[in-house]
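In what follows, a single structure is set out as structure tokens and then discussed.
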Amino acid sequence: MIQSLGAQRLIYRARIAFYVKTGLIENAIQVFDEMTQSKCRVFGVDYNRFIGVLVRQSQFELAYQRYSEMGLAGFSLSPFTYSRFISGLCQVKDFALIDELLRDMERLNCVPDIWAFNDCLHLLFSEGRLESAMEMFKRMVQRGREPDVVSYTIIIDNMCKLNKFETAVQFWHDMIHKGLKPDNKACAALVVGLCRGGMVDLAYELIVNIMRDRGAELCTLVYHALISGFFKVGKVDKAETLASFMSRHGPKLDLVTYNVFLNYYCQELMLEDAERLVNKMERIGIEPDVYSYNQLLKALCKVKCIDKAHGLMVQTMETKGLCDVVSYNTIISALCKQGSTRRAYRLFEKMKQKGVDPDVVTFTILITSFHREGSPGIVKKLHDQMIALRLLPDRIFYNTIVDYLCKSMKVESAYKVFREMGKQGISPNAVSYNALINGYCKSLRVDEAMYLYKEMQSRGIYPDEVTYKLIIRGLIRENKLSVACTVWDQMMEKGFTLDKAVSKELINALHSTGGAPTPKT
């Protein structure tokens, strides 16, 4: 009898394995259930294998049911199956079940494998649970799960994203101290993060030994981040030296490398250097892309060489098929700024003929410019075209129009546009309110500005330093010094400080009135 039950168990296992291999999971589930309800004995290994199958199929609810059953039968999962279960649950963000499995593992004195550990870390950070992530890291290490390079990379990357650079560097040192060799992803996480935070020298200092180790070839992303970082802090010599080192010992200089240099030359308006670099790129077989040319276009427009920029776009970029909406927007914006709105509009028409679709930015530039010219007919025509193309105005569009109208002292029109934004389902932000508050204050209508100041707070939009400055200056102009002092107090309570010019203006106004209240210090 015992032998026959053992043979029956083998048959059940074979049928389950066959159905799993052929993808008939429902059949496999049915046979497993038959097996558990039969007279033959089911072992822990059967539950482990089957729960592993359910996890791979992302059938976590069924997996948990079988997990509960095996617990009642006196069995437990192996550390490997626990780990795969936890990794699977990380994909669906089931925190409650993950915590339950981790507690069960702790009771059994076992720990997740490194893959499950890293999946949990990544999930906690991605969901903004910083404290939980760090607590888990600490607890796992205490229980014997040593982190690997991936673990440290996850922490370093997220600490940099949270601007916790000192903590990121501590973990970097800890990783090195433990004898772990950082890979390209770890190096990139540290370098990109620190450079974004303006700490390029520290990034270089921490990575330089790895760079000098000829056996460790770093990826281009690390070099690009450092070179770009040195340019941003004005250390051109270091950027050039690093590029030279890269060309000799690192990965080959590519289009992105040259674009980093080109971006610097264009931002600094070093047009001769930029043009020489583009010529060099073409000469050595690295064809500039649309980003390269767009940087050059922007620089030419900044120095008001609009005709030259237009020539570059028509004669070179269009010929190479490299014109995009950014290219046209750059020149259309430059033409509008110099007052050539009709020419800008003609370019807009040509843009559509060339098959380049305008975007919200294009219409924002043109509508603002024709508002300034006082051409309501063209403004309406552009707005209708925008709607016809199903380009819905965004917050930037509305903010730009409101700001322009307020600066043109057309506050009533600005207010209508501001309210239209809300009707279209676009919530105004502090920038939106600041533009309108500025208009009311300049029009000596500070009471209406104060209404907006209170309204924005009631809607959960917090005033910023600009808001307070505009309101206080508006109140001073209308000699409402008591209210100005109240707003100043509110400003300081929020941690903002008034700049010296407005502060002096308010204090002088208070002194001139004699009996006026003084702000808190």
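The values are calculated or read from the model by the stated rules, or taken from the named source; none is laboratory data. Worth saying up front: this structure is predicted, and the values here are computed from it rather than measured. Cβ coordinates were reconstructed from backbone atoms using ideal geometry, including for glycine residues, and neighbour counts include every protein chain displayed. Heads up: the accessible areas ignore ligands, DNA and RNA and are worked out on the full protein's heavy atoms, side chains in. Shrake-Rupley method; radii C 1.70, N 1.55, O 1.52, S 1.80 Å.
Screening the range 74-107 for residues that are of a type in the set (A, V, I, L, M) and exposed (fewer than 13 other Cβ atoms within 10 Å of the Cβ) and picking the one that is farthest from residue 141 (Cα to Cα) gives 92. Does the range 418-427 include one or more residues that are within 27 Å of residue 361 (Cα to Cα), among the acidic types (Asp, Glu) and open to solvent by 40 Å² or more (accessible area, probe 1.4 Å)? The answer is yes, given that some residue of the range 418-427 is within 27 Å of residue 361 (Cα to Cα), among the acidic types (Asp, Glu) and open to solvent by 40 Å² or more (accessible area, probe 1.4 Å). Which of the residues belonging to the range 57-73 are in contact (Cβ under 8 Å) with a residue 24 or more places away in the chain, open to solvent by 60 Å² or more (accessible area, probe 1.4 Å) and either in a helix (DSSP H, G or I) or touching a Gly at 6+ places or on another chain (Cβ under 6 Å) (or both)? Correct list: 64, 69. With respect to the stated conditions, residue 338 is out of contact with any Lys or Arg (no Cβ under 6 Å at 6 or more places or on another chain), loosely packed, with under 15 Cβ neighbours inside 10 Å and not hydrophobic (A, V, I, L, M, F, W, C). Pairs under 8 Å by beta carbon, first residue within 16 Å of residue 152 (Cβ to Cβ) in the range 125-139, partner assigned to a helix (DSSP H, G or I) and among the hydroxyl-bearing types (Ser, Thr, Tyr), six or more apart or different chains? Within 8 Å, the pairs are 137/151. For the criterion of being assigned to a helix (DSSP H, G or I) and either at positive phi or modelled with pLDDT of 80 or more (or both), residue 35 fails. Candidates are the residues of the range 303-329 that are in contact with a Leu (Cβ under 7 Å, 6 or more places away or on another chain) and farther than 18 Å from residue 339 by Cβ; the one that is surrounded by the most Cβ atoms within 10 Å (Cβ to Cβ) is 328.
So which residues in the range 373-384 are closer than 18 Å to residue 351 by Cβ and open to solvent by 40 Å² or more (accessible area, probe 1.4 Å), if there are any at all? Before the answer, list the steps.
Looking only at the range 373-384, we keep the residues that are closer than 18 Å to residue 351 by Cβ, and these are 378, 381-384.
381, 383, 384, listed by residue number.
Pairs are defined by a Cβ separation below 6 Å, a sequence spacing of at least 6 or placement on different chains, a first member in the range 251-273 that is in contact (Cβ under 8 Å) with a residue 60 or more places away in the chain, and a second member that is of a type in the set (Gly, Ala, Ser) and open to solvent by 30 Å² or more (accessible area, probe 1.4 Å); no pair meets this definition.
Looking at the range 395-457, what helices (runs of 4 or more DSSP H) fall wholly within it and have at least 2 residues that are within 25 Å of the chain's Cα centre (by Cα) and at pLDDT 90 or above? Don't jump to the end; show me each part of the working.
Working: elements: 395-407, 411-423, 430-442.
Correct list: 430-442.
Looking at the range 474-481, can you tell me whether even one residue there is over 31 Å from the mean Cα position of the chain (by Cα) and either open to solvent by 80 Å² or more (accessible area, probe 1.4 Å) or free of Cβ contacts under 8 Å to residues at least 12 places away in the same chain (or both)? Checked against the condition, which is being over 31 Å from the mean Cα position of the chain (by Cα) and either open to solvent by 80 Å² or more (accessible area, probe 1.4 Å) or free of Cβ contacts under 8 Å to residues at least 12 places away in the same chain (or both), the range 474-481 yields at least one hit.
If you scan the range 182-225, which residues turn out to be among the charged types (D, E, K, R) and part of a helix (DSSP H, G or I)? Lay out the reasoning, then the answer.
Step one: filter the range 182-225 for residues among the charged types (D, E, K, R), giving 183, 185, 196, 201, 205, 212-214, 217.
Within the range 182-225, 185, 196, 201, 205, 212 meet the criteria.
Quick one: is residue 350 closer than 30 Å to residue 466 by Cα, at pLDDT 85 or above and of a type in the set (D, E, K, R)? Criteria not met by residue 350.
Here is a list of conditions, (1) open to solvent by 40 Å² or more (accessible area, probe 1.4 Å); (2) without any contact (Cβ under 8 Å) to a residue 24 or more places away in the chain; (3) farther than 30 Å from residue 437 by Cα, and residue 348 meets all of them except one; can you say which number that is? In the conditions (1) open to solvent by 40 Å² or more (accessible area, probe 1.4 Å); (2) without any contact (Cβ under 8 Å) to a residue 24 or more places away in the chain; (3) farther than 30 Å from residue 437 by Cα, residue 348 misses (1) alone.
Please report, ordered by residue number, the helices (runs of 4 or more DSSP H) entirely within the range 95-142 with at least 2 residues that are of a type in the set (D, E, K, R). Break it down into steps so the answer makes sense when it comes.
On the way: elements: 95-107, 114-126, 130-142.
In the range 95-142, the matching helices (runs of 4 or more DSSP H) lie at 95-107, 130-142.
Counting only residues that are buried (at least 18 other Cβ atoms within 10 Å of the Cβ) and either in contact (Cβ under 8 Å) with a residue 24 or more places away in the chain or closer than 16 Å to residue 218 by Cα (or both), how many does the range 169-195 have?
We begin by selecting, within the range 169-195, every residue buried (at least 18 other Cβ atoms within 10 Å of the Cβ); these are 169, 171-172, 175, 182, 186-195.
Okay, now just the ones that are also either in contact (Cβ under 8 Å) with a residue 24 or more places away in the chain or closer than 16 Å to residue 218 by Cα (or both), so 169, 172, 175, 182, 186-195.
Selection size over the range 169-195: 14.
Of all residues in the range 296-319, those being touching a residue at least 12 places away in the same chain (Cβ under 8 Å) and over 14 Å from residue 334 (Cα atoms) number 4.
Residues that are within 32 Å of the chain's Cα centre (by Cα): list the helices (runs of 4 or more DSSP H) wholly contained in the range 267-359 that include at least 2 such residues. I'd like the intermediate steps shown before the answer.
On the way: elements: 271-283, 290-302, 306-312, 325-337, 341-353.
So the answer is 271-283, 290-302, 325-337, 341-353.
Taken together, 451, 433, 440 contain a single residue that is under 27 Å from residue 393 (Cα atoms) and open to solvent by 20 Å² or more (accessible area, probe 1.4 Å), which is 451.
Yes/no matrix, rows are residues, columns are (1) among the aromatic types (Phe, Trp, Tyr); (2) touching a Phe, Trp or Tyr at 6+ places or on another chain (Cβ under 9 Å):
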| site | (1), (2) |
| --- | --- |
| 147 | no, yes |
| 152 | yes, yes |
| 164 | no, no |
| 168 | no, no |
| 182 | no, yes |
| 191 | no, yes |
| 208 | no, no |
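Scanning the range 403-421 for residues that are under 17 Å from residue 456 (Cα atoms) and among the hydroxyl-bearing types (Ser, Thr, Tyr) yields a total of 1.
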